[in-house]
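Structure record follows, encoded as structure tokens.
Each reported figure results from applying straightforward, stated rules to the coordinates on display, with no laboratory input. Quick caveat, the model's predicted, so the values are computed rather than measured. Cβ sites come from the backbone with ideal geometry, for glycine too, and all protein chains shown count toward neighbours.
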Amino acid sequence: MLGHLSPQTPDKIMALMQAYAADPRTDKIDLGVGVFRDAAGHTPVMRAVKAAEERLWQIQETKTYTTLAGDPAFLSALSDLVLGQESPAERRAAIATPGGTGAVRMGLELARLANPGTRIFVPDPSWPNHAAIIGFLGLERVDYRYYDARARSLDTGGMLVDLERAGPGDVVLLHGCCHNPTGADLTAADWRAVAELLTKTGALAMVDIAYQGFGDGVQTDATGLRILVTALPELIVATSCSKNFGIYRERTGAVFVLGETTKSRDMAQSNLTMLNRQTYAFPPDHGARVVTEILNDADLRACWQAELDGMRLHMQRQRQALADTLREMSGSDRFAHLGAEKGMFSLVGANPEQVERMRAEHGLYMIGDGRINLAGLSLDRVPRVAEAMLAAGL
Ligand code: LMR
């Protein structure tokens, strides 16, 4: 029977990780997978995480099962961080999930349970795993205009026109901040326009927010999401602690759902809990408990906040350095967007052949669509990266 299996197309981000690891060149540069790196190229365990783990080791007396939805204290603390303290608790359903991918999967599973014929409107471009999960679930994907690759900027007008086509029973997927792969984020005014449009059309918003704190700050990055929380009767939110707490392998994330009424909240909770149960029963707990310790303790939280701000500023410096160096070397402003965009990622405007050339000739690894992870740079390597980009004809 197993002979009937056919090979799966590897995820392009994961395939690039493997190709990088297999490359024997010592001066190779990894601008691929979305993992934070410090100036020395390391992905450190954050100090607040270490301290919270030590504390847990001292106080934790059992590792018996928690609830199917996950630890309530975690969900409450994370909800305050993501949705804001003002979000209506009586309308909120929640489950902990294995990371942001688990959250996206469970959010989409919930949408499918609510409407098996739902269409998922996805920004063009988007994180490749969005399309992969939507396809695997047998749901119809509709791409909407988001980024104008020629102009290297948002296409808000095109987006709003395309989203007019999403109606009741459809889902509109939005990136909460630090859009992956473009780094081009909606302004608060754009979010208000989206909220107004969704109110008119009745489509359900699903916000994937995996990089809160990597753009303009942990609260500012949630501005758009909170506009939707206030404006819309229903909402799905998929969130991740992988990046902003640096606990990638602990698999820590959550789905929050706002129902229109307490009754619809209860219905969403019942379905989300069932999804956890039949997929993996109990979600991972260690990372969730670390996050809870940090968020609920003033000292640990201040330490985490300072470190996260440091990571954000580090990425912004690399962005600016690359944009400035490219301006000097090319004598043109065509890379200015790299300095202005938010978070880890930007598109450099390379086609797959140019990406391949940079990899083969310069050991420079980026995703095939020209996405770079700015955290993978270091200031001393900026000139080399800029040179490789220009030599490839960018
Ligand atoms: C990325 O986009 O590189 C990260 O979100 C890692 C992943 O799982 O793809």
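On average, how much area does the Cα convex hull of segment 16-75 cover when viewed from any direction, in nm²? Write down the numbers at each step before the final one.
Details: hull surface 29.1 nm².
Taking the Cα atoms of segment 16-75, their convex hull projects to 7.3 nm² on average.
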Exercise for review: Mark the label point 7 Å from the Cα of ALA89 along Cα→Cβ and return the residues of segment 285-302 whose backbone N is within less than 20 Å of it.
Suggested key: 289, 291-298
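Please compute the alpha carbon radius of gyration of segment 65-296, then divide it by the globular-protein estimate 2.2 N^0.38 Å. Two decimals is fine. Walk me through the intermediate numbers first.
Working: Rg = 16.3 Å, N = 232, 2.2 N^0.38 = 17.4 Å.
Expressed relative to 2.2 N^0.38 Å, the Cα Rg reads 0.93.
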Practice item. May I ask you to evaluate 6.51 cos²θ - 1.76 cosθ + 1.60, the Karplus curve with θ = phi - 60°, for each residue of segment 378-394 and list the ³J(HN,Hα) values in order in whole Hz, giving x for glycine and proline? Key: 9, 4, 6, 9, 4, x, 5, 5, 4, 4, 4, 5, 5, 5, 7, x, 6
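Between GLU361 and ALA391, what length comes free when the chain is fully extended (0.36 nm per residue of separation minus the Cα-Cα distance, one decimal in nm)? Mind showing how you got there, number by number?
Working: separation 30, 0.36 × 30 = 10.80 nm, distance 0.97 nm.
That works out to 9.8 nm of additional length.
As a test, work out the antiparallel percent of DSSP beta bridges whose residues both lie in the chain, rounded to the nearest 5.
Values: 17 of 37 bridges.
If I count the DSSP bridges inside the chain, around 45 percent turn out antiparallel.
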Review point. How far apart, in nm, are the 7 Å Cα→Cβ label points at LYS12 and GLU260?
Key: 3.9 nm
Check your understanding: For the chain, what is the convex hull volume of the alpha-carbon atoms per residue, in Å³?
Key -> 154 Å³
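Take peptides 329-341, 102-114 and line them up by average Cβ neighbours within 10 Å, highest first, as a rough protection proxy.
Working: 329-341: 15.5, 102-114: 22.3.
Result, highest mean first: 102-114, 329-341.
Only bridges with both residues in segment 65-296 count here: give the DSSP antiparallel percent, nearest 5. Numbers along the way, then the final one.
Numbers: 14 of 32 bridges.
Bridges in segment 65-296 that DSSP calls antiparallel: roughly 45 percent.
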Check your understanding: Among ALA323, ALA184, ALA89, which one shows the biggest mean-square fluctuation in a GNM of the chain, springs joining Cα atoms closer than 10 Å?
Key -> ALA89
Check your understanding: How large are Rg and Dmax for segment 260-390 when only the alpha carbon atoms are used, in Å?
Key -> 21.5, 60
Review point. So what is the calculated 222 nm ellipticity per residue for the chain, using -39500 (n - 2.57) for each DSSP H run with n of 4 or more, over all residues, to the nearest 500 deg cm²/dmol?
Key: -14000 deg cm²/dmol
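What is the total of Lys pairs in the chain with C-alpha atoms under 20 Å apart, excluding same-chain pairs fewer than 8 positions apart?
Values: LYS12/LYS28; LYS12/LYS243; LYS50/LYS63; LYS50/LYS243; LYS243/LYS342.
Close lysine pairs found across the chain: 5.
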Exercise for review: For ALA188 paired with THR220, estimate the spin-label separation in nm (one decimal), with each label point 7 Å from Cα along the Cα-to-Cβ line.
Suggested key: 1.1 nm
Exercise for review: Using a Gaussian network model of the chain whose springs link C-alpha atoms within less than 10 Å, name the residue from ILE209, ILE294, ILE133 with the highest mean-square fluctuation.
Suggested key: ILE133
Check your understanding: How long are the three semi-axes of the equivalent ellipsoid for segment 199-303, computed from the Cα gyration tensor as the root of 5 times each eigenvalue, in whole Å, largest first?
Key -> 25, 20, 12
Revision key, fill the gap. Between LYS200 and ALA39, the two model label points (7 Å from Cα along the beta-carbon direction) sit apart by a distance in nm of 5.0 nm
